Amino acid sequence: MSLVFALWFLFISTMIWAMYCNSKTCTQRNRIIDVLYAQEDWDILRDYYKSISYDKHLWYLMTFRNPMKLYPAVLQDAVK
C-alpha cells in the first residue's frame, strides 16, 4: 500500500510542478516578446526567438535548468 501511495504522490507532485513550469514559461516568453519588439533589430531577434520552441523552454524549466541560456545574449541582457 505504501508503494501505491508513493507513486500516487510522485505523480501528483509531478503534475503540479509541470503546471507551475508551464505558467512560468508562458510568462517568461511573453516578457521576451515584449522586450524583443522594443529593440531596433527586432526582426533578427524574432528569428532567434522562433528557433527556441515553447516545449524546449518548458523542458529546461522542468529539469531545473536556466532557459534564458537558450536565447542570445542581447535578449538575455534586455530581459534582466
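Derivation of every value follows stated rules applied to the coordinates shown; laboratory data play no part. Only a predicted model underlies this, so the values are computations on that prediction, with no experimental measurement involved. Note that each Cβ is placed from the backbone with ideal geometry, even for glycine, and that neighbours are counted across all protein chains shown.
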ask   = Which residues, counting only those in the range 62-77, are among the polar types (S, T, N, Q) and touching a residue at least 12 places away in the same chain (Cβ under 8 Å)?
value = none
ask   = Is it the case that the range 63-78 has a residue that's β-branched (Val, Ile, Thr) and either touching a helix residue (DSSP H, G or I) at 6+ places or on another chain (Cβ under 9 Å) or surrounded by 14 or more Cβ atoms within 10 Å (Cβ to Cβ) (or both)?
value = yes
inquiry  = If a residue must be β-branched (Val, Ile, Thr) and in contact (Cβ under 8 Å) with a residue 12 or more places away in the chain, how many such residues does the range 1-59 contain?
reply    = 5
key: Hits in the range 28-61 (condition: of a type outside the set (A, V, I, L, M, F, W, C), loosely packed, with under 13 Cβ neighbours inside 10 Å and not in a helix (DSSP H, G or I))   = 37, 40, 41, 53
